[in-house]
Each structure stands twice: as C-alpha cells, then as structure tokens.
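Quick notes on the structure that follows.
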Amino acid sequence: MTQTDPRLAAPLEHGALDADVVRRTAQLARLALQPDEAHRYQADLGRILGYFQDLQDLDTTGVPPMVHPTDAAMPLREDEVRPGVDPQTILGQAPRAETGLFLVPRVVG
Amino acid sequence: MSASEAARWQAVIGLEVHAQLRTSTKIFCSCPTSFGAAPNTHVCPVCLGLPGALPVLNRAAVQLAVRTGLAVGCTIAPRSVFARKNYFYPDLPKGYQISQAELPVCLDGHLDLELPGATTDSPTLQRHARIQRIHLEEDAGKSIHGEGGAQTSAIDLNRAGTPLIEIVGHPDLRSADEAVAYLKELRAILLCLGVCDGNMEEGSLRCDANVSVHRPGEPLGTRCEIKNVNSFKSLRDAIAYEIDRQVGLLNDGQRVVQQTRLWSQERGRTEAMRSKEEAHDYRYFPDPDLPALVIDPGEVEILRLGLPELPAARRARLRAEQGVTAQAAAWLVEEPERLRAFQAGVQGGAGEPAAWATFLMTQAIAALTRSSRAFAEVTTAARELARICDKWRTGGLSNRMLNDVLTQGFAGEEPLFAALQTALTGVGEVVSDTAALEATVDQVLAGLGPQVEKYRSGQVQLFGFFVGQVMRVLDGKGDAQAVNAILRRRLG
C-alpha cells in the first residue's frame, strides 16, 4: 500500500529537499546522479513539492478524490483473440535475444 | 518445545491468494492466454509495454472477478480504480504492474470453513474467515535464470498481462490446518465457478501466507510474509515451520523481525528474503490510462443469478439427499471431475450413491493411482465402476475378485470401460452355492484337526485362519458371508 515518506510530506523550509530523499528517489527510478545533479534536484524537486504544498493548503473537505481527468466510464473489450505482432520483429529489436527469448543481465530470483 | 509452552502461543494467519482467470485473452489486450506456447509468441505492443500502447480492459475478466466476489459474499464496488504499482524487473516491461489499490472491485467477503472434528464424520469446528478484498491485476512474464549463460536471465513475456485476481484474507486463521482448509475451500469455489483452473504446480493458483504469533488477549505479534508456497503440503509445512520458528525466538527472549521469507520445500524451512527496511516502495497511483471501472448493479444481479451451486451447499446436499459421508462429500466437491464421475455413476445406475461415493474415493482411486491412466477415464467408465461396486457390495464379488477386476481393468490396454468389462467377465462368478461351500469347508476342516481342536478349546482368533484356508481352496472366489456362516455352524 502507499506509504508517504514523512520527509516528503513536509518540504524543507528553505525550499530544498533532503539529500537522502533525492538519493532514494533516484534509486527508485534507477537513475545514477552525479553530485552536481543531486544538488540541482534537491532544489528543483523541493520547488515542485512546494507547489503541491500550495495545493495541500486548500480545503478539500467533501471533495471526492479525482482519479481521472474525465468522467468517462471504462470502455470494455470482448474476450476475443486477435493476432499480436510477429515475434521476430520484436526480438530483432532487443539488444540480445536467443531461441525466442529476450536475454538480460542476470537477475537474482 | 513442550506442549505447555506451545499452548501459551496462538498463531495468527492470513492468506493472499492469486488466481489466474480463465479468459481467452489477456486482461488489457487481445493476446491469447493459453499455456505452453513457444516463448514470446503471445505478445503485442500493449503487453510488451511499448510506448503509446493503451490498455483496454477485458469484460470477461471483470465478470469472473465479480462472480468470485459474489460467491464469497463480497460487496461489488459500483466504481473501482486501477493503479500503477511501480517496480523494476525484466519480466515487467512497463516498469509497473497495473493493479488495484484503494478501490478494489470486491470488498468484505468471507468463507465459512468446516474443520475436521474429533471423528471424520462429524465436522465440529467452524471457522468464519473474513475476506478483506478481491482485486484485479495483470500477471508478469516469466524469468528463466542462467539461460543463455551464467550471467544471463531469459525472459518470456507470454504470461505478461494474464488476468489475475488477488484474494486478500483477514488474519482469521489459527493453524496450518485451517490455512489449508481455507485454501482448499477457495480453490473448490474457483473451480466450481470456472474462474480458475486451480493448477498450483503450473502457478495458476499461488498463495502467500502472513504468519505471526501472540499470547491470547495480548496485541498481535510481528508478522512475516511467506512466499513460494506451491502446494497444499508446502502451505501446511511452511506455516508449521514458521510458527515453531517464531515461538522458538520468543521463548528464547528474542524478537521476531518483520520480513519476507521464502519457503524451501527441499530444505524444509523458511529463509529471509528481505526485511521491512528493504521492502519495496511501490508508489501506487491511479493509472491515467484507465478510467474508473463502473459496474452496473443490474449487471451484478444478473451475474448473481448465474452462480452455480457452491461447494458448501453441494456437500450438504450430497450428505442430506444421498447419504454420502462427510469425508466423501468433501472429497467429491474438491474437484469438479470427481463430482462428474460420481454423477455419471449414479446416472449409470449405482444402487446406493453413498456406497458408490466411498468406492470411488477409495478402491477406484487406489486402482487409478497404481495405473498410468488419467482421471478422465474414470468418468467415462463410471457406469462400469458403479456396476462393479454394486456387485461387490451385494456379495456378487469377493474382495479378492474385486481387487482382480480393478487391477486387470486398469492395467489393460483398451479404454478403461472396455477393459473393466473384459476383466469382470473373466473373473467369473462368486461361489455362493451352499452345498458346494459346505463341501469345501468340510474338506478343509478335515485336514486341520489340531487347529479345530484348539479353536474349540478357546482359541477363537483362529477363525480368520479357517476363512483364509477355505478361500484359498476357492481361489478367493467364495462368498465371504456364506463361508463365515458355514464355518460358524461347523465349528460351533
């Protein structure tokens, strides 16, 4: 279930984000940040969270959470098989493939 | 651990069950879901996670989820929402799994479990196990580790996007046996509804167990989640092991650490996989590609009317209307094919359904297990089996003859029903002619003078020996009741 990092809930007074939060966020997004980038994101992300803080300050009592920009109901599809794509086309675009399988650096189960 | 120490601790268990839905196509695209195709042949831009591809929900998947919810007494949410569960893994091409978080499709159900009581025929324990929610989600692909080189994993995305429901139970179970009973009941319901094929070995039905222990009346203990439980046996073993492990730690004055643990059937223990600190941060948020799923209450009522008779009601009816024992009723309802075989036998003329049910569960299955035939043949041969059961039950076949007929029939090359007919003809008739039996008994007893003497002087346990000797002369074909009666008269 969603867990909000308490540090994310309250951006720093100076508008900058805690360096650990930036590192953790980059790790979750699998981004390798250079030290100067990390510094820049502290400021940028802090500012973005500041905008959200403005929204948080609004009184939304009684307003149901909006999960989608339109009120459209979900369109449903009938359960009928349709052809997909030629596997060779797809596998041919992969960095590595063999005997019909995509090959990737080993991941530990 | 002594019994008194164990009694101080109470286990608290909740199961999370994933079931693959029996649809023809995947949950968000029109690729087939069939098992066993060549790798990466059931794929398209949607399930490959290509940029710009958009998911469109499968109506059949929604209906199966709703049917399941109704069968376990859930409320069906008039509006539910799909969310992205974010994590990186090569068999998850989009970098997120589409699942449901805050607003799942079904809420608040329950299973009423009948647990074996003191005797097999009087289930005395009842457990009301609540179901918290059922939600729809997509399956991931399959990773094969070490394929294509030791430092390589191979990925097959045929399974990616297969529709799943996750059935989340409250921690209402109190022992490994209760957890097994819960999973069995759930599986029987899913099979009965045609929602899932229930195959645990192929992974169509998977189970994670949350286990903690506490002293009754005190707050709940720290829980561990056990993964990799692929059979009823491993569920029972894994939970029993985990309860022992936690009780052992607490009795030693140590603490249970909240973590995810993997069950190893070979090593017979659970092993730490990741701690709470290393736990994934999935960052759920509503999937902007998918509007809310709105389900019309009228449609829900139509699905409710279409529900079949559920396992609990079926068991009750088998017992009340046909006199089937509780044990046999539970066994029959576990697998739809068993029930079909039973019904085929009843329609084929089984004289006493209760006896036929027990015969099917014991003698027929024992013969099947010794052979290389599939269960489907038992169903097509149900009429012959029921006839054999009746003949044996009414004394037309001795135990030995029954055994011969079943062994020969199941071993034969022909289809089972024909092989059984051949074997039944071949075994001949039971010897029940009184004069012939009396002659045989007299002849046997004449040669056993000393033993007869001993019997008459009080060694009554020799009676079985006399029966055996008479049956041996009759090649196992004597009418057992008649032989017993004659022997009693002669020895009396």
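None of the figures in this text is laboratory data; all of them are computed from the coordinates on show. Fair warning: this is a prediction, and the values are worked out from it, not measured in the lab. Positions of Cβ are generated from backbone atoms using ideal geometry, with glycine treated the same way; all protein chains shown enter the neighbour counts.
Between B:D289 and B:A150, what length in nm is gained on full extension when 0.36 nm per residue of separation is reduced by their alpha carbon distance?
Details: separation 139, 0.36 × 139 = 50.04 nm, distance 3.82 nm.
Answer, rounded to one decimal: 46.2 nm.
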Förster-model FRET efficiency, 41 Å R0, B:V168 and A:E80, C-beta, rounded to 0.05: 0.85
Share antiparallel - DSSP beta bridges, the protein assembly as shown, percent rounded to 5: 90
Projected area averaged over orientations for chain B, convex hull of C-alpha atoms, nm²: 31.8
Sorted largest first, extent of segment B:434-491 alpha carbons per principal axis (Å): 29, 19, 18
Placed amide H near B:C207: partners under 5 Å, 5+ positions off or other chain: B:H18, B:V229
Karplus-derived HN-Hα couplings along segment B:183-195 (A = 6.51, B = -1.76, C = 1.60, θ = phi - 60°), whole Hz, x at Gly and Pro: 5, 5, 5, 4, 4, 4, 5, 4, 5, 5, 7, x, 7
As computed over segment B:311-427, the Cα convex hull volume per residue (Å³): 88
For segment B:211-250, the fraction of alpha-carbon pairs in successive 10 Å shells from zero, as %: 28, 49, 21, 2
The protein assembly as shown, Rg to Rh (Cα coordinates; Rh as Kirkwood inverse mean 1/r): 1.09
Dmax and Rg, reported as Rg then Dmax, of segment B:1-88 (C-alpha, Å): 20.0, 63
Relative contact order of chain B, defined on C-alpha pairs under 8 angstrom at six or more residues apart (%): 14
Candidates per GluC sites (Glu not before Pro) in segment B:301-333, loop by DSSP, up to 16 other Cβ within 10 Å: B:E309
Exposure proxy ranking, count of Cβ atoms within 10 Å, fewest first, for A:D54, B:D433: A:D54, B:D433
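Please arrange B:K26, B:K85, B:K477 by counting, for each residue, the other beta carbons lying within 10 Å of its beta carbon, fewest first. Let's see the in-between values first.
Numbers: B:K26 30, B:K85 20, B:K477 17.
Going from least to most buried by this count: B:K477, B:K85, B:K26.
Counting other beta carbons within 10 Å of each residue's own, what order do B:M471, B:M273 fall into, fewest first? Before the final figure, lay out each step's value.
Numbers: B:M471 20, B:M273 16.
Going from least to most buried by this count: B:M273, B:M471.
For segment B:132-237, which GluC sites (Glu not before Pro) are in a loop by DSSP, counting at most 10 other Cβ atoms within 10 Å? Write out the running numbers ahead of the final one.
Details: sites: B:E137, B:E138, B:E147, B:E166, B:E178, B:E185, B:E201, B:E202, B:E225; in loops: B:E147, B:E201, B:E202.
Answer in residue order: B:E201.
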All-pairs Cα distance distribution in segment B:136-176, expressed in whole percent, bin size 10 Å: 24, 27, 24, 21, 4
Inter-site label distance for A:I48 and B:A313 at 7 Å from Cα along Cβ, in nm: 5.3
Other-chain or far-sequence residues with amide H under 5 Å of B:R79's (modelled H): B:I295
FRET efficiency for B:A485 and B:R370, using Cβ-Cβ distance with R0 set to 22 Å, rounded to 0.05: 0.10
Cysteines, the protein assembly as shown, no other Cys beta-carbon under 4.7 Å: B:C29, B:C31, B:C44, B:C47, B:C192, B:C196, B:C207, B:C224, B:C389
Helix-only [θ]222 nm of the protein assembly as shown, DSSP H runs n ≥ 4, -39500 (n - 2.57) each, per residue, nearest 500: -12000 deg cm²/dmol
Restraint check, B:K85/B:K227; B:K94/B:K227; B:K94/B:K184; B:K142/B:K184, Cα-Cα greater than 30 Å: B:K94/B:K184
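Just add up the charged neighbours of B:L487: K/R +1, D/E -1, any other residue whose Cβ is under 14 Å from the Cβ of B:L487. The partial results should precede the final answer.
On the way: positive: B:R456, B:R472, B:R488, B:R489, B:R490; negative: B:E438, B:D442, B:D479.
Cβ neighbours under 14 Å give a net charge of +2.
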